[in-house]
Amino acid sequence: MRVLDAECTKKFMQMAEDGWEQGWHERNGGNLSYRMTMDDVASVAENFDLTAKWRPIGTSVPGLAREHFFITGTGRYFQNVVRDPEHSFGIIEVDETGENYRIVWGLLDGGRPTSELPTHLMNHEVKKAQTNGAHRVIYHCHPANVIALTFVLPLTDEAFTRELWEMMTECPVIFPDGIGVVPWMVPGGRAIAVESAKKMQSYNAVIWAMHGIFCSGATFDETFGLVHTIDKSAGILLKVLAAGGKRQTITTQDFRDLAKDFHLTLPEKFLDVKEEKSETAKTAKTAKAAKVTK
Ligand code: 13P
Ligand code: ZN
C-alpha cells in the first residue's frame, strides 16, 4: 500500500491540520510523532528505503529499538502537511541500540526530523513502558493561552494543575494526574528532553515555560483533545484574571466529591492547597486592596 493511503497516515495528517487550524503552529512551530504498530509497518514497508544513512538521535532510547515513527520535519510547516506531505514529514526507524535513526520514507530534499527528536523519543520511551505500549502519540505545539499563563502563574506543577482544574468542571476528569511544568530552557537538545521525560513519568501533559506544551496519548484524538482542553482552560483563566480574579470557584471538597462519583484518584498534592492561597484569589484581593487605597 502507498504510505499516503494508509489509515495511520491519514490520521497523522488530519491531526496536523487540526492543530494548524487552531493557530498552534505559526511558521514551523510544533512537531508531532506517532509510534507505528507492527500492522502499520507491514502495510507500507514496501515503500521503505533501507539504504538510508543511520544518524545519531542525540540521546539513547533502547526501549524503542527497531520501532518506526511518523515524525514532522525540522523547519517544515504544519500548514503544509496536507498540501505537501512528503516534504513535511517522514517515517524513521530506530536501530537496535536505540542510539541512531534513519529516514525510510518522506522528508524529501534533505529533510530531517524535528529538532525536538530527543524529547519525542524519550517521551515515547517513558510512555511505552508506563502504559504497556498503549500510548503512541507525542504532540508538541505552541498554544497562546498556555504560553501566556507561564508569565503569570508560579512555574509549579501544583499551581498549573490546580488553577486549570478549577476553570472547567471536567478538567480533573480529563487530566486527573495533573500537568507538569518545565522552567524556561533552551529547546531542541538533550537537556530539555531529560527534564520533560522526568515529568512524563507522572503526567500526560508537560508545559514548557514561555514556549508551549507536550502531550502524550494512546490515539490522535485523545492527545489532541488533551491539548485542546488545557488551552481552553488556560484561556478561561486569563479571562477570569483580566476580569479581576475569582469571586467563587470549585472547592477542594467539590473536587473530592467529583473524584468519588467519577472514580478518580486525584493526587493529594493538588487538593491540599488553601483556597485563599490560590493565585487568582490573590489577584482578586490585590485588585480590591488597590481600589480601597485609591
Ligand atoms: P522544529 O521545526 O525543529 O520541529 O522546531 C519547532 C519547535 O517548535 C521547536 O520547539
Ligand atoms: Zn516548540
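A few points about this structure:
- Treating r as the C-beta distance of Met210 and Leu271 and R0 as 41 Å, the FRET efficiency rounds to 0.90.
- Residue among Thr249, Thr161, Thr119 with the largest mean-square fluctuation in a Gaussian network model of the chain, springs linking Cα atoms under 10 Å: Thr249
- Between Thr223, Thr74, Thr51, the Gaussian network model of the chain with springs among Cα atoms under 10 angstrom shows the greatest mean-square fluctuation at Thr51.
- Take every Cα pair under 8 Å whose residues are at least 6 apart in sequence, average their separation, divide by the length of the chain, and the relative contact order is 17 percent.
- Mean Cα-pair separation over length for the stretch 1-106, i.e. relative contact order, pairs under 8 Å, 6 or more apart, %: 31 percent
- Along the chain, longest interval not containing exposed chymotrypsin sites (Phe, Trp or Tyr not before Pro), exposed being DSSP loop plus at most 16 other Cβ atoms within 10 Å: 55-150
- Two-decimal ratio, the chain, of alpha-carbon radius of gyration to 2.2 N^0.38 Å: 1.07
- Dipole check for the stretch 76-167: with +1 at the C-beta of Lys and Arg, -1 at the C-beta of Asp and Glu, and the Cα centre as origin, the magnitude is about 200 Debye.
- Farthest towards the positive end of the charge dipole of the stretch 1-108, among the residues Cys8, Asn100, Ala45, is the Cα of Asn100, using unit charges on the Cβ of Lys, Arg, Asp and Glu.
- Structure-based [θ]222 nm, the chain - -39500 (n - 2.57) summed over DSSP H runs of at least 4, per residue, nearest 500: -12500 deg cm²/dmol
- Over 20 Å apart at the Cα level, from the set Lys10/Lys128; Lys11/Lys199; Lys198/Lys269; Lys128/Lys199; Lys199/Lys269; Lys127/Lys198, are Lys10/Lys128; Lys11/Lys199.
- Radius ratio Rg over Rh of the stretch 67-226, counting only Cα atoms, Kirkwood formula for Rh: 0.97
- Shape category assigned to the stretch 54-132 from the gyration tensor of Cα positions, a/c cut at 1.5: prolate
- Available extension along the chain between Lys239 and Trp184 is 17.4 nm, counting 0.36 nm per residue and deducting the alpha carbon span.
- Helical segments meeting 24 Å axial Cα length and Kyte-Doolittle 0.0 threshold in the chain (DSSP H): 220-242
Computed from the coordinates by the stated procedures, all read-outs in this text should not be read as laboratory data. Just so it is clear, the structure is predicted and the values come from calculations on it, not from any experiment. No Cβ is skipped: glycine too gets one built from the backbone with ideal geometry, and neighbour counts run over all protein chains shown.
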